[in-house]
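Data block below; observations after.
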Amino acid sequence: MLSNYLKIAWRSLQKQRMYGFINVLGLAIGVACCILISLFIWNELSYDKFNKNAEHIYRVHSDINFGGKREIYAVAQAPLAQALREEIPGVATACRFRTWGSWLVRREGTTQNVNEDRVVWAEHEVFDVFTFPLLAGDSNEQLKEPNTFVISASAARRHFGEVNPLGQHLIFDNDATYQVTGVFEDIPTASHFHYDFMLSMAGLEEARSTVWLSHNFQTYLVAKADHDPQKIEADINTMWRKYAGPQVREFIGSTVEEIEAQGSWARYTLMPLTDIHLHSSLIAEHELNSEISYVWIFGAIALFILFIACINFMNLATARSANRAKEVGMRKVLGSMQKNLVAQFLTEAMVMSIIAFVLALVFSEIAMPYFNQLSGKELAIPFRQPVFIGTLLVGALFTGLLAGSYPAFYLSSFRPIEVLKGKLQASLRTGWLRNALVIFQFIVSVLLIIGTIVIYDQLNFILNKRLGFNKEQVFLLYDTYGLEEKFQGFKNTIEATPEVKSLTTSCYLPVRSCRSDETVMQEGKSADQHSVNMQCWQVDYDYLKTLGIEMKEGRFFSKEFITDSLAVILNETAVKKFGYEDPLGQRLWRYASQDLKTTITYTVIGVVKDFHFESLHNDIGALGFFLEKDATGMMAIRFEAATTGPFLEKMKSAWAQFSPGQPFNYAFLDERFSQMYDAEQRLGSVFIVFAAIAIFIACLGLLALAAFTAEQRTKEIGIRKVLGATAAGIMSLLVKDFLKLVLVALLIASPLAWYVMNKWLSDFAYRVDISWWVFGLAGAIAVMVAFFMVSFQSIRAAHANPVESLRSE
């Protein structure tokens, strides 16, 4: 019996090839998109779960509200980890990391440096908290001695080749020599941090600090299985008051209770390790994390596209069933049982569904490299996983069952005499179900079109907004501290280059770069009530000229004033936070060292206009410039050249002259600014691709339905032409019904899209308004696409010879 069902199913597909091809192709593309996005979501949700204790690992976050500014940090105090291990019963162990930017690294006995940015200070307990399997070395002895480090397997191959790395030495920043004591497996990609070098924190002086008011260390703990994380949080806050209270009184002059009564606070919370990647975008993250909102958005897109594909599948299945009504009637007259008819229709639908799912796997494999490039992932189709294959098989059978159930049960239930008289066919032509499904398809398509337009409108606004500084034609050269005594000669050579207009040696830039968040106080006033938490940037004399920042009043640092080493320049926001009406000449002080033992007083000599030094997700904060004449970390060079190629070659030549064989690490400021919005640009690209796919699948369905409608109305069209109807009139007759459906979809989708995109835009402090033209453009695109697809079939029907359609009458 089954073989008979399969034969009939195959013959049915051959008889109506166009419908079968469109049905299978649309569903295959939809399922392929769903597979790709599902793999992306699965990867995003799997972050950090490779750790054996993942369910019990937490990171300590610092929620600080002081000086008129509230900020939440992914770092905590230096002494916290030791106190956690010794004083809180619910903590099994704890560890710390301290990040320090990029390093120049070379093998002992060589002169060739390599720039490495995956370097971190860590302590021995890191192997008790995280699952980092050692390939060489004793895990019980790692990171206990100063000037030792562990290295990842890939970095070991990069620096030592086939030589056994244990006992070998690397020189960091041309200064300190460290010995390899262990090799660990590369940290999996699904981790919220990735390091190749872990230097022993036993040699870091800052790690021995006893100050509870400074936050620089990423701190993790493992909670005991029988302890409540909320209880541990409470214990941490109690412990902070115990140790930080005396320091607050000494350094600020007020008690913790007095400060909290004024609305300030320091609170410490725990975040589960597995939540960090999707739920944490704090200050001092190891790396840029993702966002849970993007997982929801991608998931919704996957479901929408799958729904569109399935709707096409069901639409065409129900539409084609009208042409087979008489076939079913004859079968019932000849004695076919209802269950046999049901089985036949379901078998046909499942065969098509299985073919579509197989094609979807092929499409997914072909598209995977492009999807990885689009999403920034390294995904692969898990063909060898039984769960994956089983899920696809169940999905194929379920889709076939869903699509075939309506025609199967509906057609098999009628009385043969009615269908042979044509009554059933007439009822099927009303197509209310198909109309509803077409409307849903275009609701999704319009949502995606509007989302794409709004995202790109916001990105265009960001990249072209007046920022308060000039990001164009600024060349960034990193790791210039490696020049050592040759630095000044190199700087003089660069300044003498005709294309160079100015340069600054500060590493503090209005893109992701150096940051220094400190509390600055007004002289002669209580620190608890007259202080501002602000960015404190070290810059040189040419910083303003190079970055194109404007002065509002006063002056910038000048070599003519030897007292400028004790001067400060504020931005407009800082002036407002201090409450100054006349800021020039005001005196401020801040701590001179991390131990908070000494202070330095500065005089305000100028005010710069506000400029965006953080992402446009955030408001402009308070900022102060302090003079540093001898910085050597990096250079920002403003240049003027018709093309960057010749200028870049001159920079490379000068670098090779002063630092032969050393890495030439550079970027452009406008590119670095654009990289701050990689997630948004990636989201926009995803919307474009999947909006196009959704529209394409919807168009396949429209094309087939238009052909079906024209076929059902063949005799009507023939009679109209005989009675004098024009081709344009007939085409209008066929097109208007579909355009009505698109317009209804537009009316429903517009308010939904407005709500969703307003929620997305609310994450930006500076954003565009959603204008009426966005909905007009989305509607015009949907209408034009629908009109084109339906007209294609309508023109064919309108120009058909009426003799052919009326010959049987």
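Data overview
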read-out	value
Isotropically averaged projected area of the stretch 139-227, using the convex hull of Cα atoms (one quarter of hull area), nm²	8.5 nm²
Shape of the stretch 521-567, Cα gyration tensor, a/c cut at 1.5	prolate
Per-residue ³J(HN,Hα) for the stretch 243-255, Karplus 6.51 cos²θ - 1.76 cosθ + 1.60, θ = phi - 60°, Hz, x for Gly and Pro	8, 7, x, x, 5, 4, 5, 6, 8, 10, x, 9, 7
Point-to-point label distance, I366-A641, nm (Cα→Cβ direction, 7 Å offset)	4.3 nm
Accessible area (Å², per residue) of the stretch 160-246, counting only protein heavy atoms and a probe of 1.4 Å	42 Å²
Accessible area expressed per residue, the stretch 479-570, with surrounding protein chains retained (probe 1.4 Å, Å²)	43 Å²
Estimated D of the stretch 225-292 in µm² per second, where Rh is the Kirkwood radius over Cα pairs and Stokes-Einstein applies at 4 °C, 1.567 mPa s	90 µm²/s
Neighbourhood net charge (12 Å Cβ-Cβ; Lys/Arg +1, Asp/Glu -1) for R590	-2
Sum of side-chain charges, F658 neighbourhood, beta-carbon under 12 Å (Lys, Arg +1; Asp, Glu -1)	+1
Size of electric dipole in the stretch 453-536: Cβ of Lys, Arg +1 and of Asp, Glu -1, about Cα centre, debye, nearest 20	280 debye
³J(HN,Hα), Karplus 6.51/-1.76/1.60, whole Hz, each residue of the stretch 149-159, x for Gly, Pro	7, 10, 10, 6, 4, 5, 5, 5, 5, 5, 9
For V608, residues with placed amide H under 5 Å, excluding near neighbours	K552, L570, N571, E572
Farthest toward positive dipole pole in the stretch 553-654 [+1 Lys/Arg, -1 Asp/Glu at C-beta], among Y580, S615, T601	T601
The stretch 75-165, dipole about Cα centre (Lys/Arg Cβ +1, Asp/Glu Cβ -1), debye to the nearest 20	380 debye
Cα gyration tensor shape for the stretch 504-616, rounded if a/c is under 1.5, else prolate or oblate	rounded
Filter on K609/K652; K471/K576; K69/K552; K486/K545; K525/K609 - keep pairs with C-alpha separation over 29 Å	K609/K652
Solvent-accessible area of D226 with every protein chain in place, 1.4 Å probe, in Å² to the nearest 10	120 Å²
Accessible area of the stretch 28-98 belonging to carbon and sulfur atoms, whole % at 1.4 Å probe	53 percent
The stretch 597-637: C-alpha gyration tensor shape, a/c 1.5 cut-off, then a/b vs b/c	oblate
Residues with amide H under 5 Å from that of W103, placed H, sequence gap 5 or more	E116, D117
R208-D619 FRET efficiency (beta carbon distance; Förster radius 35 Å; 0.05 resolution)	0.40
Cβ-placed point charges (K, R +1; D, E -1), dipole of the stretch 537-658 about Cα centre in debye, nearest 20	180 debye
Potential lengthening between F383 and T111 on full extension [0.36 nm per residue; Cα-Cα distance subtracted]	93.2 nm
Under the Karplus curve 6.51 cos²θ - 1.76 cosθ + 1.60, θ = phi - 60°, whole-Hz ³J(HN,Hα) for the stretch 174-188, x wherever Gly or Pro sits	6, 9, 9, 9, 10, 9, 6, 10, x, 10, 10, 4, 4, 5, x
Percent accessible area from carbon and sulfur atoms, the stretch 454-564, protein chains only, probe 1.4 Å	48 percent
Other-chain or far-sequence residues with amide H under 5 Å of H617's (modelled H)	A765
The stretch 27-96 pair-distance distribution - Cα-Cα, 5 Å bins, rounded %	3, 12, 13, 14, 13, 12, 10, 8, 6, 5, 3, 2
Rg to Rh quotient for the stretch 590-658, alpha carbon positions, Kirkwood Rh	1.10
Cβ-defined net charge surrounding F193, 10 Å radius [Lys, Arg +1; Asp, Glu -1]	-2
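The values are calculated or read from the model by the stated rules, or taken from the named source; none is laboratory data. All values derive from a computational prediction rather than experimental measurement. Counting neighbours? That spans all protein chains shown, and the Cβs are built from the backbone with ideal geometry, glycine included. Note: accessible area is taken over every heavy atom of the protein model, side chains too, but ligands, DNA and RNA are not part of it. Shrake-Rupley method; radii C 1.70, N 1.55, O 1.52, S 1.80 Å.
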